[in-house]
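Written below as structure tokens is the structure these notes are about.
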Amino acid sequence: MKLLIKGGRIVDPASRRDFRGDILVSDTKIEKIGENVRAHADRVIDADGLVVAPGFIDMHVHLREPGYEEKETIRTGSMSGAKGGFTSLVAMANTNPPIDNAGMVDFVLTRAKETAVVKVFPVAAVSKGLEGKELTEAGELKEAGAVALSDDGHPITDSELMRRALEYAGMFGLPIIVHSEDPQLAGNGSMNEGFNSTVLGLRGIPKAAEEVMLSRDLSIAELTRGRIHFAHISTARSVELIREAKKRRLTVTAETAPHYFSLTDDAVRTYNTNAKMKPPLRGPEDVAAIKRGLADGTLDVVATDHAPHTATEKEVEFDVAPFGIVGLETALPLIITELVEPGVLSLMDAIAKVTINPARILGLPLGELKEGGVADIAIFDPDEEIVIDASAFASLGRNTPFHGLKLKGHALYTIVGGRIVVDEGKLSVP
Ligand SMILES: [Zn+2]
């Protein structure tokens, strides 16, 4: 099977190439990239006016299977990712049971092989049962196919455990993805602590809840020389702390999510439970700092923290609703509209945040366009205006604060290992 992608704007951050050209895909691999590729192809995609990029990698999603299949399954989550231009999803371990042993890693990989339309890479838990007490077997987990360790959703409060986790995971070359939150400071808060929480009469989560744990983890990273990746950074001070740590050459990397550069806690003013997530939406000064952090490379990655919940779970009072929003089908338009259009990031740098940067952090041989490489490709129209319609999501989750919003950027073709899984914006696989 030969597929020819013709006349697109090829943007490949790994090689820093940005030019108009063609890509010839032969079976699962990229055979040729160039300016005038001639070949007899079984299928030609006219990419004139479109951007041709490496398939996106989302290094932070919650696929909910096993245990919460009413929220999402590996299959529906993978379909949601495909519609958003993602060819690889990195699935967090807080399922039920959690992914804390080799058998569970194998379960996720097997289910993904049987049902998913994109690639799925499991993250395994740092501690058994995500309880923060006893370390999992990093070596066995790595061997089974885990790409990182994380207790995401549950902060690791025991500093000594964090130290040993970093030392142990480091021996196997596994990064630890950290959910920085001091549970006592966060308490029963449901939104950012500040003016809005006072006006709304809701209990707040101070920015310090994130920052004190992040500071601690930076100290432990320095002590152990371990590899920490900070998940979902939300505050200005966190960005500053990471920037300073990188200057001192600590081996830390970090991600933020599209909602932290798109929204402030004003979005909570209607008590919209679809604007409730952890960490919570912050203030305008934080949004500005997140953008600066993305621009200067302090924040390496944009990851969605895709966290589907059922409508019934979210249709309750704000303070009792679960935390989390879906993100796979809104990430690209938010990146284009909030970062690329206003000039915060070049298209090249924006694409790097969802391709080669997460690939390098996780050691995946993906996230780039090169001859002989895997044909994971995202083709999108950066100029097309779309209206976000949650009811049309492939995800089972409809919990998005962006419903009804008009944005720019439409994922039109998603190609996974040479197979077209999204064709002209629609899922094309059974
Ligand atoms: Zn988290």
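Of the peptides 45-52, 121-128, the ranking by mean beta-carbon count within 10 Å, highest at the top, reads 121-128, 45-52.
Ligands, DNA and RNA excluded, the heavy atoms of Asp158 present near 70 Å² of accessible surface to a 1.4 Å solvent probe. Extending 7 Å from the Cα toward the beta-carbon at both Glu371 and Tyr271 defines two label points whose distance is 6.3 nm.
Per residue of the chain, the DSSP helices (runs of n ≥ 4 H) give a summed -39500 (n - 2.57) that works out to -8000 deg cm²/dmol at 222 nm. Between Lys426 and Arg164, the modelled label-to-label distance comes to 5.6 nm, taking each label 7 Å out from Cα in the direction of the beta carbon.
Applying a threshold of 29 Å to the alpha-carbon distances of Lys370/Lys406; Lys2/Lys406; Lys247/Lys353; Lys142/Lys207 flags Lys370/Lys406; Lys2/Lys406; Lys142/Lys207 as lying beyond it. Scaled against the 2.2 N^0.38 Å expected of a compact globular protein of N residues, the Cα radius of gyration of segment 179-332 reads 1.03.
Spacing of the modelled spin labels on Ser15 and Glu143, each 7 Å from Cα toward Cβ, amounts to 3.8 nm. Taken per residue, the accessible surface of the chain reaches 38 Å², heavy atoms only and a 1.4 Å probe. Extension gain for Glu70-Ala311 works out to 85.7 nm (0.36 nm per residue, less the C-alpha to C-alpha distance).
Pop out the carbon and sulfur fraction of the accessible area of the chain as a percent, whole number, probe 1.4 Å.
50 percent
Electrostatic tally near Gly85: other residues with Cβ closer than 12 Å to its Cβ, Lys and Arg +1, Asp and Glu -1, net -3.
Qualifying trypsin sites (Lys or Arg not before Pro) in segment 204-270, where qualification requires a DSSP coil assignment and no more than 15 other C-beta atoms within 10 Å, comprise Arg225, Arg248, Arg249, Arg269. For the chain, the share of DSSP beta bridges that are antiparallel, to the nearest 5, is 55%.
Using C-alpha pairs under 8 Å with a sequence gap of at least 6, the mean separation divided by the residue count of segment 92-231 gives a relative contact order of 21 percent.
Val387 to Leu405: extension gain in nm, 0.36 nm per residue of separation minus the Cα-Cα distance?
Working: separation 18, 0.36 × 18 = 6.48 nm, distance 0.55 nm.
Going from the current span to full extension adds 5.9 nm.
Computed over the chain, relative contact order equals 20 percent, with contacts defined as Cα pairs under 8 Å that lie 6+ residues apart. Full extension of the chain between Glu240 and Asn96 gives 48.3 nm of extra length, using 0.36 nm per residue less the Cα-Cα distance. Looking at segment 99-197, the GluC sites (Glu not before Pro) that sit in a DSSP loop and have at most 16 other Cβ atoms within 10 Å of their own Cβ are Glu131, Glu134, Glu137. Across segment 164-260, the relative contact order, built from alpha-carbon pairs under 8 Å that are at least six residues apart, equals 29 percent.
Taking a span of 15 Å or more along the helix axis (Cα atoms) and a mean Kyte-Doolittle hydropathy of at least -0.5 as the rule, the DSSP H helices of the chain that qualify are 102-115, 159-171, 207-224, 284-295.
The values are calculated or read from the model by the stated rules, or taken from the named source; none is laboratory data. Only a predicted model underlies this, so the values are computations on that prediction, with no experimental measurement involved. Because the Cβ atoms are built from the backbone with ideal geometry, glycine has one as well, and the counts that use them run over all protein chains shown. We work out accessible area using only protein heavy atoms, side chains counted, and drop any ligands, DNA or RNA first. Shrake-Rupley method; radii C 1.70, N 1.55, O 1.52, S 1.80 Å.
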